[in-house]
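Peer 1: If you scroll down you'll find the structure; I have some questions about it.
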Amino acid sequence: MTARKKKAEPACGRSVLRAAEVLREGGVVAIPTETVYGLAGNIFDEKAIRAIYRIKKRPSSNPLIVHVAGLEQARELVTRMPPAAEKLARAFWPGPLTLILPKKKKVPGWVTAGQDTVGLRVPDHPLTLRLLRTLDFPLAAPSANPFTYISPVTADQVARMLGKQTGYILDGGRCRAGIESTIVSFEKGKARILRPGAIPEEAIKKVVGTAGSPGKKPADILHPGMYKKHYSPRTPLLLTRDVETAWKTRAKGRTVLLAYGRKYPFAPPGSQRWLGRTPAMVARRLYDVLHQLDREGYDLIIAPELPEIDLGRAVNDRLRKAARRD
Ligand code: TXA
Ligand code: MG
């Protein structure tokens, strides 16, 4: 074969067996899911989990989501599953839904940042499902990006950000949903959305009737919204309801507009990047476009706020956090 391997390139491929081997040896593997790529390790291996925090530069107070092969394996890790959680799991697993549930003792505190709850989900990706079924331990996996940067939706983006630090990158192609899972917790049996994500609130309500949104929480309770800056590109991003006025008054240097619904008639086509016609299309493309724009080197990204319905909520949440500089 003529293909020459560059030494610096991280090990990357489609081998579930290789991924399993690295994980059994206590290594860290980037895994594809339907939402974004995760950085995975054996939940029972303290060294592997510490490595995940170190590679991501993530504060040790921020718990990891545990990925399991199915409902049965989920049950083994929790003391209780409220009926609403059971209904949601049956409706959406495998899929982009994370349930926060009271953990059994055997779930180590190093995965949950010392909390007595654990976030669980069954990811909907054929390679990762096969991997989870092969292993006899669950996988803790946060998104495979450095803390506060944009989550990766391709193996190539993982390789650029963290490649050399992972034992293996399992390449499962481009992530289908493109935005993280919806996180749901339960209070007195009632579902409450902690992080809007790839399953819209409307779909959750159809299954369990009501779904509270994250209200104001005491500072000592850990929750996904506690870090205001998150999901941020290096390029400054301005989020606005009025893209035309922002373009006319705020554009500077090389400015690019994110186009939603239609291309804008008031700006040259070359200054626009198409996001999509629907919130679901935008969710699928958003991180990919932000990764590309960061590489191309713009001075400013102007982004439209989407209507607060369907996946628009999750997209707006990410854009709001991307717009923060503090
Ligand atoms: O789609 C996803 O959820 C992706 C893929 C890889 O599964 N994962 C992901 O993980 O987005 P991460 O770590 O980037 O975000 C998980 C969020 C964090 O904000 C964390 O605070 C919250 O979930 N979380 C995890 N366990 C929790 C718990 N027990 N209680 C409250 N929040 C929890
Ligand atoms: Mg993340």
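The values are calculated or read from the model by the stated rules, or taken from the named source; none is laboratory data. Bear in mind the structure is a predicted one, so any value in this text is a computation, not a measurement. When we count neighbours, we look across all protein chains shown, and the Cβ atoms used for this are built from the backbone with ideal geometry, even at glycine.
Peer 1: Within region 70-82, is there a residue that is in contact (Cβ under 8 Å) with a residue 12 or more places away in the chain, under 24 Å from Ala203 (Cβ atoms) and crowded, with 21+ Cβ neighbours inside 10 Å?
Peer 2: Yes, there is a match, as at least one residue in region 70-82 is in contact (Cβ under 8 Å) with a residue 12 or more places away in the chain, under 24 Å from Ala203 (Cβ atoms) and crowded, with 21+ Cβ neighbours inside 10 Å.
Peer 1: Ok, one more. What number goes with the only condition from (1) in contact (Cβ under 8 Å) with a residue 60 or more places away in the chain; (2) under 21 Å from Thr35 (Cβ atoms) that Gly312 does not pass?
Peer 2: Condition not satisfied by Gly312: (1).
Peer 1: I'm trying to understand the selection: among the residues of region 9-33, which are surrounded by fewer than 19 Cβ atoms within 10 Å (Cβ to Cβ) and in a loop (DSSP other than H, G, I, E, B)?
Peer 2: Correct list: Glu9, Pro10, Ala11, Arg14, Ser15, Glu25, Gly26.
Peer 1: Then there's this: Is region 140-160 home to any residue that is away from ligand 1 (no atom under 15 Å from the Cβ), surrounded by 17 or more Cβ atoms within 10 Å (Cβ to Cβ), at pLDDT below 95 and of a type in the set (Gly, Ala, Ser)?
Peer 2: No, region 140-160 contains no residue that is away from ligand 1 (no atom under 15 Å from the Cβ), surrounded by 17 or more Cβ atoms within 10 Å (Cβ to Cβ), at pLDDT below 95 and of a type in the set (Gly, Ala, Ser).
Peer 1: Could you tell me whether Arg121 is within 13 Å of ligand 1 (Cβ to nearest atom) and either modelled with pLDDT under 95 or closer than 25 Å to Leu162 by Cβ (or both)?
Peer 2: Yes.
Peer 1: Determine which single condition Ile193 fails, assuming it passes every other condition in (1) more than 25 Å from Lys47 (Cβ to Cβ); (2) out of contact with any helix residue (DSSP H, G or I) (no Cβ under 7 Å at 6 or more places or on another chain); (3) more than 11 Å from ligand 1 (Cβ to nearest atom).
Peer 2: That leaves (2) as the condition not met.
Peer 1: Could I ask something else about it? Answer yes if at least one residue in region 250-268 is crowded, with 19+ Cβ neighbours inside 10 Å and within 19 Å of the chain's Cα centre (by Cα), and no otherwise.
Peer 2: Within region 250-268 (the criterion being crowded, with 19+ Cβ neighbours inside 10 Å and within 19 Å of the chain's Cα centre (by Cα)), the answer is no, since none of the residues qualifies.
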